[in-house]
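Q: Before anything else, here's the structure in question.
The values are calculated or read from the model by the stated rules, or taken from the named source; none is laboratory data. Computed from a predicted structure; not experimentally measured. Virtual Cβ from ideal backbone geometry, glycine too; neighbours counted across all protein chains shown.
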Amino acid sequence: MDNVKRSFPDARTDVERQWQTPETPQTLSPAYRLAFADPDFLCRDEMRGVRLQLELTKPDLAMQEYGVESTIVLFGGARIPEPEQSHKAQTQTLAELSLYYDEAREFARLMTLKGQKTEGLDYVIVTGGGPGVMEAGNRGAAEAGGVSIGLNIVLPHEQRPNDFITPELCFNFHYFGIRKMHFLMRAAAVAIFPGGFGTLDEMFEALTLIQTKRMDPVPFLLFGRAFWEKIINWEALAEAGTIAREDLELFTYVETAAEAVAAIEAWRPPT
């Protein structure tokens, strides 16, 4: 894009020119700032629609330019430690769930290897960019020599991306809704590991989109059948009629990375 011949000065040029303007009461006034280079203006409530568009467009362009064609979405608990650190877990259950850190890491490694090709990038791992299972996913991709995406969000407590995300594909969001769109826009499969409110939120939203045919069906994998059947009574939902029994076929239980890869390879869209 930088080599495009232009008849008029581009936006960046005018921003730089404005910095060189002599200081006067007029040029120092906020009113004189270029609208698109004025953070006070862009952060006004009335500009929310513009900010939503910016958060949709910036990561989308970056992924296009990087060659990302499809992704493997990986959701899971931020509090699940790697097995070597399981003794530091807040509960015994979290310590026992640490095995899924390794499964997420290996699953991401295997899928990254499958997605490597001469041009473009398929099966790029995308996580929420944080610790726990998310870190494991980005870590596995890095160990395969591939890239991975992290979709962070600004939170009230200290938040930093994990160290394994490809820096050029590490994004930060203000709006949860736009972040959710980026998780699913290129999804070739969704893998859900044990987790808390955030994991449940993303899981049910994606399932609802598929159930209501607002999203094309994709392989949808739940790691850890015992965990999921303990916290969600799927059968009760079907028996009550609040979901259709065929909705239980929207997802598949797996226990290991190898099972997950095999399930993706064997998956065929419903006719």
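Q: Can you tell me how many residues within the stretch 215-271 are among the hydroxyl-bearing types (Ser, Thr, Tyr) and either touching a residue at least 40 places away in the same chain (Cβ under 8 Å) or over 21 Å from Pro194 (Cβ atoms) (or both)?
A: 3
Q: Output yes when any residue across the stretch 229-252 is surrounded by 14 or more Cβ atoms within 10 Å (Cβ to Cβ) and closer than 21 Å to Ile149 by Cα, and no when none is.
A: No; the residues of the stretch 229-252 include none that is surrounded by 14 or more Cβ atoms within 10 Å (Cβ to Cβ) and closer than 21 Å to Ile149 by Cα.
Q: From Ala136, Ala78, Ala104, which residue is touching a residue at least 60 places away in the same chain (Cβ under 8 Å), within 24 Å of Phe176 (Cβ to Cβ) and either among the polar types (S, T, N, Q) or surrounded by fewer than 21 Cβ atoms within 10 Å (Cβ to Cβ) (or both)?
A: Just one listed residue meets the conditions, Ala78.
Q: Considering only the stretch 158-188, how many residues are modelled with pLDDT of 95 or more and either of a type in the set (Lys, Arg) or on the phi > 0 side of the Ramachandran plot (or both)?
A: Count: 3.
Q: Right, next: From the set of residues in the stretch 181-228 that are under 16 Å from the mean Cα position of the chain (by Cα) and aromatic (Phe, Trp, Tyr), which is surrounded by the most Cβ atoms within 10 Å (Cβ to Cβ)?
A: My answer is Phe193.
Q: In the stretch 155-178, which residues are surrounded by 17 or more Cβ atoms within 10 Å (Cβ to Cβ), out of contact with any Ser or Thr (no Cβ under 8 Å at 6 or more places or on another chain) and touching a residue at least 40 places away in the same chain (Cβ under 8 Å)?
A: Result: Cys170, Phe171, Phe173, Ile178.
Q: Further question on the same structure: Give me the pairs: first residue in the stretch 52-64 and free of Cβ contacts under 8 Å to residues at least 60 places away in the same chain and at negative phi, second residue in a helix (DSSP H, G or I) and not β-branched (Val, Ile, Thr), beta-carbon distance under 9 Å, and six or more apart or on different chains, which are they?
A: Leu54/Leu42
Q: Kindly indicate whether any position in the stretch 147-154 is under 23 Å from Glu265 (Cβ atoms), without any contact (Cβ under 8 Å) to a residue 60 or more places away in the chain and in contact with a strand residue (DSSP E or B) (Cβ under 8 Å, 6 or more places away or on another chain).
A: yes
Q: Another one. If only one of Gln26, Gln18 is more than 29 Å from Cys170 (Cβ to Cβ) and touching a residue at least 12 places away in the same chain (Cβ under 8 Å), which one is it?
A: Gln18
Q: Any chance you could count how many residues in the stretch 204-238 are within 13 Å of Leu74 (Cα to Cα) and either of a type in the set (Gly, Ala, Ser) or out of contact with any helix residue (DSSP H, G or I) (no Cβ under 9 Å at 6 or more places or on another chain) (or both)?
A: 1
Q: What's the number of the only condition in (1) buried (at least 23 other Cβ atoms within 10 Å of the Cβ); (2) of a type in the set (D, E, K, R); (3) more than 14 Å from the chain's Cα centre (by Cα) that Arg109 fails to meet?
A: The number of the failed condition is (1).
Q: I need the full set of residues from the stretch 129-173 which are closer than 17 Å to Pro81 by Cβ and either among the aromatic types (Phe, Trp, Tyr) or outside any loop (DSSP other than H, G, I, E, B) (or both), in order please.
A: Once the filter is applied, which keeps residues that are closer than 17 Å to Pro81 by Cβ and either among the aromatic types (Phe, Trp, Tyr) or outside any loop (DSSP other than H, G, I, E, B) (or both), the stretch 129-173 yields Val133, Met134, Glu135, Ala136, Gly137, Asn138, Arg139, Gly140, Phe164.
Q: Considering only residues of the stretch 260-271 that are in contact with an Asp or Glu (Cβ under 9 Å, 6 or more places away or on another chain) and surrounded by fewer than 16 Cβ atoms within 10 Å (Cβ to Cβ), which is modelled with the highest pLDDT?
A: Pro269
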